[in-house]
């Protein structure tokens, strides 16, 4: 059983005493599950809510996994939905891309405003699972920050954690983990524009129905999902198709060191 520095965590979460409501965002991914798990231990359950942003682009089984996590721990769950039909908006406006990630606003930002309206005159703190190791853009995130663009206070309890530590906690405390992690190193929307070609190839291999949905959206709007403004249909090109490999070789996640961390994880969700 891995040790979590209880004293250190208590100090980090002590800031929650100054707030009326604590919203811990949980996407169903490994990092947000761990941060929500910690929040359930160190935050007053009366003020804690798990916030899940549902979307038509979620992998099947994700919402059920979050719901099960909350039921087993007696946690309050708030499920949001986009204010618009995401698929229709995508066809008319075009797929989100690295320059215009409108999906963040439609799936998360706009629904969040509705959630905040449920707590008028309340001081609210957000808890998320962002880590410095996750990406170059997040390399300098602090433990606590106030977002400039919306003036919201956010606590990042695992900001300085390594990926190895996250997986160790998941295994040691038997936290649920989506079966997508069997072949991918991240859980996001199945048509996320930030995906690499390897991720698209994996999606086509393991979830051809979801890949076909993305292809259909591309055909209807006439604009691509892939990086570099390239169409998914071009993945059929021989020089790209020959790059398809077995799942253990497609991602650094499946080297020997990381594979040992996944061996006893409780995989759930879509099989």
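What follows draws every value from the coordinates through simple rules; no lab data is involved. The model shown is predicted, which means the values in this text are computed figures rather than measured ones. Backbone-built Cβ (ideal geometry, glycine too); neighbour counts: all protein chains shown.
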- Item | Distance-filtered residues of the stretch 62-89 - backbone nitrogen under 17 Å, label point 7 angstrom along residue 147 Cα→Cβ | 78-83
- Expressed in nanometres to one decimal, the distance between label points 7 Å along Cα→Cβ at residue 81 and residue 11 is 4.5
- Query: Between residue 162 and residue 119, what is the FRET efficiency for a Förster distance of 45 Å, r being their Cβ-Cβ separation, to the nearest 0.05?
  - Reply: 0.85
- Within the stretch 6-178, what percent of beta bridges assigned by DSSP are antiparallel, to the nearest 5? 15
